[in-house]
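For reference, the structure discussed in these notes is given below.
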Amino acid sequence: MRAIRVASAALLGVSALALAAPAAVANGDNITPFGFSVLPSTVAAGGQVTLQLQRDKGGCVGSATVSSGVFDTISIPGNRSSATAVVDWDAKPGATYKVTFSCDGVSGSTQLTIATGRTTNPTPYPYPNQGVHAGEGGTVAGFDLKEIGLGAALIAGSVGAAYHFSRRRTGEDGG
């Protein structure tokens, strides 16, 4: 009888970990030592997007490359934190394209959605002369401390419950 309880407690613990794992790795390809973003994340074909790197924490020191199937590969020099790209005019409206940021041997990706409609004034220059240094804002590299804390609490609770149920004794055990 004790073996059944131990097995069920172990199964409960493994189930809790299995259910928590997808939330922990949902942004697995975005875990990089540097933050990155594409603004706006939805743009019309022929529109312009800003490709941003967060170099504040030192995660990306050298030159970075940004590639996608919807615009030419862009290089962001080590002394800059952003660049602009012009989306191809033949981008399919409603499609989602992967945008990959690579720096110092590490890569991360995000999505760029093509909106319906087209822009009327494409920008001919891929790099602005001067950029604005904005504040941190948002989350750091996609990490949400509330979600991480909740996931850790759920895992700790399920491990504690599994331990409690595996150690609990009843009169059926003979001891």
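Fully extending the segment from residue 100 to residue 166 would add 19.1 nm, taking 0.36 nm per residue of separation and subtracting the current Cα-Cα distance. Placing R0 at 45 angstrom, the Cβ-Cβ distance between residue 73 and residue 116 gives a FRET efficiency of 0.95 after rounding to 0.05. In the assembled protein chains, residue 163 presents an accessible area of approximately 150 Å² (probe radius 1.4 Å).
Taking every protein chain into account, the 1.4 Å probe leaves residue 148 with about 90 Å² of accessible area, to the nearest ten. Could you please state how large a percent of the accessible area of the stretch 50-96 is carbon and sulfur, counting protein chains only and using a 1.4 Å probe? Ligands and nucleic acids excluded, carbon and sulfur reach 47 percent. Per residue, the stretch 48-113 exposes 47 Å² of accessible surface when a 1.4 Å probe is rolled over the protein heavy atoms with every protein chain present.
The values are calculated or read from the model by the stated rules, or taken from the named source; none is laboratory data. Everything numeric here is computed off the predicted structure, so don't read it as measured data. Positions of Cβ are backbone-derived with ideal geometry, glycine not excepted, and every protein chain shown enters the neighbour counts. Quick note on the areas: whole protein, heavy atoms, side chains included, nothing else; ligands and nucleic acids left out. Shrake-Rupley method; radii C 1.70, N 1.55, O 1.52, S 1.80 Å.
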